[in-house]
Amino acid sequence: MMTPHLNRIYLGAAIVFAIIYLFPLYWMYVTALKSGSEIFAYPPTFIPKDPQWGVFSHVWDVRGMGRFIWNSLVIATGTMILVAGLGTGCSYVLARYRNIWIDVALFLVLMLQVLPASLMITPLFVGFSAVGLLDYPRFAVILAVTAKAMPFFVILVRATFMAVPAELEEAALVDGNSRVGAFVSVVLPLARNGVLVSAILIFMQAFGEFVYSKSIIQDVNLQPASVGLNAFMGPNTVEWNNIMAYATIYVTPILAAFVLLQQRIVAGLTSGALK
Amino acid sequence: MTEELQIELNGVDKHYGAFHALKGIQLAIPKGAFVALVGPSGCGKSTLLRSIAGLETISGGEMKITDEVMNNVPPRHRDVAMVFQSYALYPHMTVIDNLTYSLRLKKTPKAEARKIAKEVAATIGLENLLDRFPRELSGGQRQRVAMGRAIVRRPKVFLFDEPLSNLDASLRVHMRKEIRALHDRLGATSVYVTHDQIEAMTMADHVVVMRAGVIEQQGAPLELYDRPASQFVAGFIGSPAMNFVDGVTNADGTAVTLDITGAPELQLPRQVACNEKVTVGLRPEHLSISEAGQGAITTKISVIESTGSTTYVGAGDAGKITIVLSERRDISVGDTISLGINTKDIHLFDPQTQMVI
């Protein structure tokens, strides 16, 4: 039979691709643990001979990573709250009404998604500067990232709301609820998974945001970890182990969270959360 | 006897853009009545029901519930309960929470709400399912929860939107009786939408037949059966459907010559226009098979279907005349038979306007 044979070939191909994709991540971890001379050794070693476990606490202290991570958390949390707060109602309306203006609105939302951050930053910077928002640089970044991430959230959450049958809402209306009440007590609980998962994805996206933070936040004390990492890498850098340790500390929590929640994230995005 | 009206619709119109879904609906529903809205899909019966519920805003006319104009009143202030085709049970709530949802919105104390819900649950056989979620129930049980959710509210009006169409045939027959019994017990006013004329005929006091946004005819079930106002109603009410045969009236308008092989002539119950083309309606259950030559129409049997209790016979050209027999007869396909009908059971329709003559 062909099928098991073919399956094995597909599986093999999948594994090869997974290795190619994950290799940089692996290289980050092993490089962080290598000593200075081992990094530049030829041929390279795939498993560090003498793992330098102390590198993590060293980098954390020397680079003041606590502050950077805190700033990243502030920006990511703020963005997530703002996107979810503003985007949920918007997605609901876009899901429930069907007319030409809704189509126009959806088109514009998708257009926003197309514009790259590096293009948007100049007008945003000028605008923020004019209204004095640059005095609150982290808030300015939150606003900019919110605008950037909103279309993604709206598209995902709209699909979730569309999976909630309109009849449930109508039943709630006839049962004595208002439009808003029906939304809060019936539609929102049923769309909860989709909204939460989308919010988490927005959080992860904002946690790694670089372009806006780099341009808007001048004060080192307010910069997020992504900008801190960039500043670490100068043209003559040789401390690759420290840089990789920094990157490890930065991405591991997010990576772990993603792996732990992975099944729920996929389920939340694909199922309608109903039945 | 003056009857108190529960729902009054005066010239109700509904437009969706260019589509005219309801055209000048005129309907008065007395308190305690069980009214069925029936018609083919797309006839506007569901739109009419949703307009009464307040889920659709009417574009013109006037709608009253117990003498109050309801045109722009939101659903929650209309005091109506609705049972949806899909049941629309809240999937994230248990049965008891589904039942008490409306009471909680009315700020009924929790203990009292639970007591009311339990009483209702007991009357419709749900008492052991209160802590289940809708996904853990069978179709019939979900249907009961949907009914219970409506009953708990003690509304002025119950609205049913094809509530039985997702159940299997035997359960449907059972629930038909149960819903009617419930209606009588609660003394409620009910409006029931269905596409199944048997449901309408068996359950309702008053049947409203709709087509293309217009009420074709309304009245008591047997009145619609005995005196259909149009060919559409005649064909819709009754099962199997009425036979329609083209014909021409004779020179003095007292008989009609049918346009089928052998061109038989039928005496008419009353005199009509002479030498006129007409459509003759003959109900399958009114036709009887008599000895060859004794009936009015001589024809050949082309199909026989027997269900045991009833036999359906197809006869005439291409079997287009159906006859229903309740007794067994020694007949087989190809036999020449003669069909008889009582003169009073003949319906005549104008082929142009399709209205009764």
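For the reader, a short list of remarks on this structure follows.
- Amide proton proximity set for B:ASN243, modelled H, under 5 Å, gap of 5+: B:LEU282, B:ARG283
- Cα-derived Rg to Rh of the protein assembly as shown, Kirkwood definition: 1.17
- Residues B:ASP184 and B:ALA318, FRET efficiency given R0 of 51 Å [Cβ-Cβ distance, rounded to 0.05]: 0.65
- In plain terms, the bigger the Kirkwood radius, the slower the diffusion; for segment B:243-349, with that radius from Cα pairs, at 4 °C and 1.567 mPa s, Stokes-Einstein puts D at 92 µm²/s.
- The helix-only estimate of mean residue ellipticity at 222 nm for chain B, built from DSSP H runs of length n ≥ 4 each weighted as -39500 (n - 2.57), is -7000 deg cm²/dmol after division by the residue total.
- Here the Kirkwood formula puts the hydrodynamic radius of segment A:1-53 at 13.3 Å, using every distinct Cα pair.
- B:ASP67/B:ARG132 FRET efficiency (R0 51 Å; Cβ-Cβ; nearest 0.05): 0.80
- Cα centre as origin, Lys/Arg/Asp/Glu Cβ charges: segment B:53-124 dipole, Debye: 460
- Listed by chain and number, the aspartates and glutamates whose C-alpha is less than 15 Å from the C-alpha of A:LYS49, apart from same-chain residues fewer than 8 away, are A:GLU38.
- Each of A:PHE139, A:PHE207 was scored by other Cβ atoms within 10 Å of its Cβ. Listed from fewest to most, they are A:PHE139, A:PHE207.
- All C-alpha pair distances within chain B, sorted into 10 Å bins from zero, spread as 5, 21, 25, 21, 15, 9, 3, 0 percent across the bins.
- Under Karplus coefficients 6.51, -1.76 and 1.60, residue-wise ³J(HN,Hα) of segment B:326-340 in Hz, glycine/proline x: 9, 10, 7, 10, 7, 10, 9, 4, x, 5, 8, 10, 10, 9, x
- Distance from the Cα centroid of segment B:282-341 to that of segment B:1-60 is 41 Å (rounded to whole angstrom).
- Counting neighbouring beta carbons within 10 Å and listing from fewest to most, the residues B:GLU327, B:GLU56 come out as B:GLU327, B:GLU56.
- Within a Gaussian network of chain B (alpha carbon springs, distance under 10 Å), most fluctuating of B:ALA117, B:ALA88, B:ALA200: B:ALA88
- Listed values for segment B:153-159 are Karplus-derived 3J(HN,Hα) couplings in whole Hz (6.51 cos²θ - 1.76 cosθ + 1.60, θ = phi - 60°), namely 7, 6, x, 5, 9, 9, 10, and x replaces Gly and Pro.
- Of the residues A:ALA147, A:ALA182, A:ALA163, the one that moves most in a GNM of chain A with alpha-carbon contacts below 10 Å is A:ALA182.
- Remark: mean inter-chain Cβ contacts per residue of B:75-82 equal 5, using a 10 Å Cβ-Cβ cutoff to other protein chain atoms.
- Per-residue 3J(HN,Hα) values for segment B:237-250, derived from phi via the Karplus relation 6.51 cos²θ - 1.76 cosθ + 1.60 with θ = phi - 60°, read 8, x, 9, x, 5, 4, 7, 10, 10, 6, x, 10, 6, 7 Hz in sequence order (x marks Gly and Pro).
- Interchain or long-range residues, amide H under 5 Å from B:HIS206's placed H: B:PHE34, B:ALA36
- Positive-end residue, chain A charge dipole about Cα centroid, Cβ charges, pick of A:ALA144, A:PRO24, A:VAL62: A:PRO24
- Applying a threshold of 20 Å to the alpha-carbon distances of A:LYS148/A:LYS214; B:LYS64/B:LYS107; B:LYS31/B:LYS107; B:LYS118/B:LYS177; B:LYS14/B:LYS45; B:LYS31/B:LYS64 flags B:LYS64/B:LYS107; B:LYS31/B:LYS107; B:LYS118/B:LYS177 as lying beyond it.
- The distance between label points at A:VAL238 and B:GLU4 comes to 9.9 nm (points 7 Å beyond Cα on the Cα→Cβ vector).
- Modelled this way, with points 7 Å down the Cα-to-C-beta line, the labels at A:GLN113 and A:ARG67 are 3.8 nm from one another.
- For B:LYS344, the aspartates and glutamates whose Cα comes closer than 14 Å to its Cα, not counting residues fewer than 8 places off in the same chain, are B:ASP226, B:GLU285.
- Computed from the Kirkwood radius of its Cα pairs, the Stokes-Einstein diffusion coefficient for segment B:1-80 at 4 °C and 1.567 mPa s stands at 100 µm²/s.
- Fluctuation leader among B:ALA204, B:ALA234, B:ALA251 - chain B, Gaussian network, Cα springs under 10 angstrom: B:ALA251
- Averaging the sequence gap over all C-alpha pairs within less than 8 Å and six or more residues apart, then dividing by the number of residues, gives chain A a relative contact order of 32 percent.
- Separation of alpha-carbon centers, segment A:25-57 and segment A:198-239, rounded to whole Å: 24
- Summed over qualifying helices (DSSP H, 4 residues or more, each -39500 (n - 2.57)) and divided by its residue number, chain A shows a 222 nm mean residue ellipticity of -25000 deg cm²/dmol.
- Our estimate of slack between A:ASN7 and A:VAL259, defined as 0.36 nm per intervening residue step minus the Cα-Cα distance, is 88.2 nm.
- Rel. contact order, % - alpha carbon contacts under 8 angstrom, at least six apart, segment A:1-140: 14
- Reachable aspartates and glutamates, given that their alpha-carbon falls under 13 Å from the alpha-carbon of B:LYS320 and they are not under 8 places away in the same chain: B:ASP246, B:ASP259
- Each label was represented as a point 7 Å from its Cα along the Cα-to-Cβ direction; for B:GLU223 and A:ALA267 these points are 5.8 nm apart.
- In terms of its Cα atoms, chain A spans 74, 70, 30 Å along the principal axes, sorted from long to short.
Laboratory data are not the source of any read-out in this text; all were calculated from the coordinates shown. Please read these numbers as outputs of a predicted model, since none were measured by experiment. Positions of Cβ are backbone-derived with ideal geometry, glycine not excepted, and every protein chain shown enters the neighbour counts.
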